[in-house]
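The values are calculated or read from the model by the stated rules, or taken from the named source; none is laboratory data. Remember, it's a predicted structure, so these values are computed and weren't measured experimentally. FYI the Cβ positions are ideal-geometry reconstructions off the backbone, even for glycines, and counts take in every protein chain you see.
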Protein chains: 4
Amino acid sequence: MSGEKVKVAIVGSTGYGGVELIRFLLGHPEVEIVSVISASSAGSLISEGFPHLTDIVVQPLDGVDAQEIAAKADVVFTATPSGVSGKLVPELLQVGLKVIDLSGDFRIKDGATYEEWYKHEAPEDQLLEQAVYGLCEINGDEVARSTGLISNPGCYPTATLLGLIPALSAGWIDPHSIIIDAKSGVSGAGRGLSLTSHYGEINENLKVYKINKHQHIPEVEQSLSQIAGEPVTVTFTTHLVPMTRGIMSTMYAGLKGDYTETDLVELYRQYYEGRSFVRIREAGKWPATKEVFGSNYCDIGFAVDPRTKRVTIVSVIDNVVKGAAGQAIQNLNIMMGWDETTGLKLSPVYP
Amino acid sequence: MSGEKVKVAIVGSTGYGGVELIRFLLGHPEVEIVSVISASSAGSLISEGFPHLTDIVVQPLDGVDAQEIAAKADVVFTATPSGVSGKLVPELLQVGLKVIDLSGDFRIKDGATYEEWYKHEAPEDQLLEQAVYGLCEINGDEVARSTGLISNPGCYPTATLLGLIPALSAGWIDPHSIIIDAKSGVSGAGRGLSLTSHYGEINENLKVYKINKHQHIPEVEQSLSQIAGEPVTVTFTTHLVPMTRGIMSTMYAGLKGDYTETDLVELYRQYYEGRSFVRIREAGKWPATKEVFGSNYCDIGFAVDPRTKRVTIVSVIDNVVKGAAGQAIQNLNIMMGWDETTGLKLSPVYP
Amino acid sequence: MSGEKVKVAIVGSTGYGGVELIRFLLGHPEVEIVSVISASSAGSLISEGFPHLTDIVVQPLDGVDAQEIAAKADVVFTATPSGVSGKLVPELLQVGLKVIDLSGDFRIKDGATYEEWYKHEAPEDQLLEQAVYGLCEINGDEVARSTGLISNPGCYPTATLLGLIPALSAGWIDPHSIIIDAKSGVSGAGRGLSLTSHYGEINENLKVYKINKHQHIPEVEQSLSQIAGEPVTVTFTTHLVPMTRGIMSTMYAGLKGDYTETDLVELYRQYYEGRSFVRIREAGKWPATKEVFGSNYCDIGFAVDPRTKRVTIVSVIDNVVKGAAGQAIQNLNIMMGWDETTGLKLSPVYP
Amino acid sequence: MSGEKVKVAIVGSTGYGGVELIRFLLGHPEVEIVSVISASSAGSLISEGFPHLTDIVVQPLDGVDAQEIAAKADVVFTATPSGVSGKLVPELLQVGLKVIDLSGDFRIKDGATYEEWYKHEAPEDQLLEQAVYGLCEINGDEVARSTGLISNPGCYPTATLLGLIPALSAGWIDPHSIIIDAKSGVSGAGRGLSLTSHYGEINENLKVYKINKHQHIPEVEQSLSQIAGEPVTVTFTTHLVPMTRGIMSTMYAGLKGDYTETDLVELYRQYYEGRSFVRIREAGKWPATKEVFGSNYCDIGFAVDPRTKRVTIVSVIDNVVKGAAGQAIQNLNIMMGWDETTGLKLSPVYP
């Protein structure tokens, strides 16, 4: 590695994904944050809205201007809402920036499918094609060869796909039997005000929402279909849990053989060998969300029920880290040829 | 109704189920609490351990003595742990008391199955046979004819069975396809100290536990098998959610026809017609646990996915009320021939 | 009491105070809710916004029209925001309704002081004079003689004044030494969206706000000054605690004699003799907010530090009940000559 | 700095303080953890009890043996309970180790005072004298000159003293007027099981405890008396807040002049100039606990009430970091002559 640091900019710095990018990038030895950008708060200090960054980030927020970003930065993270990224990213690519996009706008390869689930216009096909889906442990090689646009996976798909792919890939589970019961902490809904995130409504409450309608469903099905080599359709339920961070995906599938929990543990440990951020629990143990809080880990465990011949797979991540900012930086690391753990080796915060 | 009140005693008054029985029974117009009983704290005031009852319950706690209870009371609620009830209830019946038991000891008709899941000796067969399984909306008639022993259902089974039985009974779902993803607030684990209920371990955390091993599974399967007329085996996952009260059972099953959400709403509304405590949400809406907090309601909603031909059924209760104390009192009401809502008409506490 | 029920209407039914009024009034034996009113949602069902009231409140929401209310109701609760009540209440009084107002608009007798703290125009002096400050345990006689307008106290003042008045009234504490460190659950901020009540911002967080600037300060000082017979100025800090319900006021004052905790317990028990809703903890014990959750109790405890000659007084209430809806109904009871506990005897919900 | 890392051991690794030491020390560039030690779990893996450390800490837990520790390590952190440290630390010093003790056993210089508040025997006077009270921003010079035993401050005293000392030192506040209303997250009570930390008892609850009796009081008074040059006695209330981490100390004192908030901001900024971990909020703003979550910061803000001539000082820390493990490492840094922020520059985790 040279002494020169890579210069990064963050668009959407004043969202939860944005401040989490800042938290990790400040400790990243190979990068320098040259611009924190916010369309709505340009000119002010980020610590006005996020006092936890007082004396930590002292440069004022910049506005969104592709030319100006290009003048300062090599790589830009777009932690912008779906719909906004779709319009902004082409401009950023045009001026020669590498882009890691945290919105969902470039994850679905088929524009029509995107429009059906996201309810607004898809980016151009050529861009959708160019974008590499940055599920690091699965698509690392593609990320390394990327020509400049990484589409960072959604939080639910990250937990879900890392939990399903090894078994599906090995042909151990029936692709038509997959049911996903996913649960998320409230930060997944972002900082925008809504009754759903209003404390009195969600504290001491467990809610289900968007059953079979969540926009992360086509993203999950796209990857599973690729792996299975045939179209896969899943049942997918999303729940809001009264906690700030954390996703648990509890997944059910019919087993195609008499595989034991120990078999699954071995299969997954082999599949993820050498990948630091996936940890497979031993047979009979399952992870809890707090065990990855604040970190880039994805922890996975299994239960096989010989009575019903089904496996239950439990996968947990911190939605703001492995489900957003952390994986985005992991993608940067892979793209730049660095160790994928660079700047990401923080242990979970416990308790 | 005569002016004379029915005299009730509560064994296990110093557990969460016990104090909830007290909360509701104090407002019940037909009963009088004549004895609050605790094996461990006899002689002291319940408000020493539960200051919220200061000046409300002023009679000292009694010890556990069947003869003494029979001298004072007509009916006794046993909110005692599994294993304890199994030994105590026969004594209470012997002295002529009617018993509503909140432990799991009399729910499983087959002693061997009980011992397999509960890991201790089952009560005598004759008692298991005599005990009426008090799932009020399903077995109300049997409860009304009971000769003295009601076995109050478990919290998970109550939410789950009320959610599944109408569709299963109508033959609309495949009994071999049922997957139950259940979530509970932490009070379900009781007041006994354990690391699992330690604040630092469960706050801001979502845990899975006892996958396919929870002792409520045979209780669910027993009822489902009766309804289906064939043995039913389910996949059953239990989660701990960082909140005090509330159970949500998210259930998945294959549909045996092209039933819509509206069809299901109608089916369930007819099935539960005249039963005040089951509320069916309109098509496209699902209940949240807070919407039944502190009340005896069970709220149910549906999502049909035409792509996978599966239905997702969401059923919520307050585990301490409909899942324990409230349903126990509902059983008392039915057994005594009173309106089943007597003393139970409290609205949910919101927010 | 006659067989005829008193007819009540609730303006502001779709706020947290409004739905709590509904919860208690539904179980009140002497009243009938004839109209639930909402300026913003007239014509719809309250259960659309508050599904916990599904099948419980089935009459549609009415609009705000004084004549129409008068045609139906005898008494009206105005659970409307400060500023709104000030304009609406005169109209309601004009058409002959009795009004119990839950806003702060009629609590401050001096219009100029009101305007200084509330930052909008005060109601007419004549109305401010007419309004009875309904701190039930202190001003019960005045409430009983009221000619039609009760101003229901604020949540912080209720906990604070009930905790201070007996000692101040007895001359045991120095009125110039009073410091109030108050803490509230988040529901106190209402259902209106704001970043302060956004789950991700307040969960696992403890915030201080409006130090010495809270609009409840002049209300506290007005009552303390009356009792002390001289102007009393207090230091008053307000905190937001990550819980939905509950207020704790921790109060500090210099003692004017060698009073012990036992002395204080006796003084307070005498002062509140015959008042069901104030419970004084024995010496060496202090209440917690959960011990009054969902109920109309105010619990108080003391600690005397002989080293500093100061007393610490701890007073807790449920802000939505004794701090709003519950006390409002208690005021109705007193005004109508009923037992003050009518319809309010619900035990705290625990756990 | 040499290439050689300093070798550290942690006694009490399986407590909350111990795992937090591990989290930070793993990222510390100058140290190597050579031994994680637990009296109760020697021989097993720490990840058995703390699965979040799976694959992160893979060396088995060692037992407590001073000779063995000395054979491996240069410095040892004792995150052991009060009473245990008092006996263990002399042995560790004897074998030549430098010790940073996180218990309260060496904080109080006067043995009799220690015994009065801690209720067990004090360590020898000579050790109490030798121990340097490691409140880094105040006693940094003494820490740097330490001969081997640092007594790490308590969590409440850290927040409180950093908030009071500059004003007291400047003579701006009356030392006899100080009232401290302190609030802590539940992790402060450790991992030991107790009803107070039982989820159902503390969730959605705010409790006061040990009013004027907390063992941190003599620690606070000892330091304030030194600064004031006369004996200082404080009123000190401790509260438990339903959150895992965080301490807020809200402090009240009479002002000895017409100082404004701006004056105080300037005074404190000057006092803490060059110290990275104390951040002073601008006039009119106050910190919240979440703004320091997971980090070593102490944030302070002020409110002056000209009506009462009192100042309210708000000071927040993360009790597990600046109140325990973080400050312990900061002490190590200062003792070793490193920059005090080494290994501690993690930003707060938000949200």
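The conditions of being surrounded by fewer than 24 Cβ atoms within 10 Å (Cβ to Cβ) and either part of a helix (DSSP H, G or I) or not assigned by TED's automatic domain parsing to the domain that holds C:Thr160 (or both) are met by C:Thr341.
Is it the case, given these coordinates, that C:Ile10 is touching a Ser or Thr at 6+ places or on another chain (Cβ under 8 Å) and not in a strand (DSSP E or B)? No: the conditions fail for C:Ile10. Of all residues in the range B:169-201, those satisfying the criterion of being touching a helix residue (DSSP H, G or I) at 6+ places or on another chain (Cβ under 6 Å), surrounded by 23 or more Cβ atoms within 10 Å (Cβ to Cβ) and of a type in the set (A, V, I, L, M, F, W, C) are B:Ile173, B:Ile180, B:Ala182, B:Val186. Of the strands (runs of 3 or more DSSP E) lying entirely inside the range C:167-282, those containing at least 1 residues that are out of contact with any Pro (no Cβ under 9 Å at 6 or more places or on another chain) and under 30 Å from D:Asn319 (Cβ atoms) are C:179-184, C:207-209, C:235-240, C:247-254. Checking the conditions here, which among B:Val143, B:Val132, B:Val208 is among the aliphatic types (A, V, I, L, M) and free of Cβ contacts under 8 Å to residues at least 24 places away in the same chain? Result: B:Val132 is the single residue among B:Val143, B:Val132, B:Val208 that is among the aliphatic types (A, V, I, L, M) and free of Cβ contacts under 8 Å to residues at least 24 places away in the same chain. The residue that is nearest to the other protein chains (Cβ to nearest Cβ), among those in the range B:208-221 that are out of contact with any Ser or Thr (no Cβ under 7 Å at 6 or more places or on another chain) and buried (at least 20 other Cβ atoms within 10 Å of the Cβ), is B:Ile217.
In this structure, D:Ser41 qualifies as surrounded by 16 or more Cβ atoms within 10 Å (Cβ to Cβ), away from chain A (no Cβ under 14 Å) and part of a loop (DSSP other than H, G, I, E, B). Per the listing A:Leu162, A:Leu92, the residue uniquely in contact with a Cys (Cβ under 6 Å, 6 or more places away or on another chain) and either surrounded by 24 or more Cβ atoms within 10 Å (Cβ to Cβ) or small (Gly, Ala, Ser) (or both) is A:Leu162.
For every residue, the table says whether it meets (1) free of Cβ contacts under 8 Å to residues at least 60 places away in the same chain; (2) under 17 Å from C:Gly343 (Cβ atoms); (3) not β-branched (Val, Ile, Thr).
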position: C:Lys5; (1), (2), (3): yes, yes, yes
position: C:Gly17; (1), (2), (3): no, yes, yes
position: C:His28; (1), (2), (3): no, yes, yes
position: C:Ser41; (1), (2), (3): yes, no, yes
position: C:Val64; (1), (2), (3): yes, no, no
position: C:Gln67; (1), (2), (3): yes, no, yes
position: C:Ala71; (1), (2), (3): yes, no, yes
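Residues that are among the polar types (S, T, N, Q) and either crowded, with 20+ Cβ neighbours inside 10 Å or without any contact (Cβ under 8 Å) to a residue 40 or more places away in the chain (or both) within the range D:226-236 comprise D:Gln226, D:Thr235, listed in sequence order. C:Val57 meets each of the listed conditions (1) surrounded by fewer than 16 Cβ atoms within 10 Å (Cβ to Cβ); (2) within 12 Å of chain B (Cβ to nearest Cβ); (3) within 24 Å of C:Trp338 (Cβ to Cβ) apart from (1).
This table checks each residue for (1) closer than 16 Å to A:Thr158 by Cα; (2) among the aromatic types (Phe, Trp, Tyr); (3) within 10 Å of chain B (Cβ to nearest Cβ).
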{"site": "A:Ile173", "(1), (2), (3)": "no, no, no"}
{"site": "A:Ser177", "(1), (2), (3)": "no, no, yes"}
{"site": "A:Lys183", "(1), (2), (3)": "yes, no, yes"}
{"site": "A:Leu206", "(1), (2), (3)": "no, no, yes"}
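The residues in the range C:291-312 that are within 10 Å of another protein chain (Cβ to nearest Cβ), touching a strand residue (DSSP E or B) at 6+ places or on another chain (Cβ under 7 Å) and either at pLDDT below 95 or outside any helix (DSSP H, G or I) (or both) can be counted, and the count is 12. Scan the range D:237-284 for residues that are facing chain C (nearest Cβ under 9 Å) and without any contact (Cβ under 8 Å) to a residue 60 or more places away in the chain and the total you get is 7.
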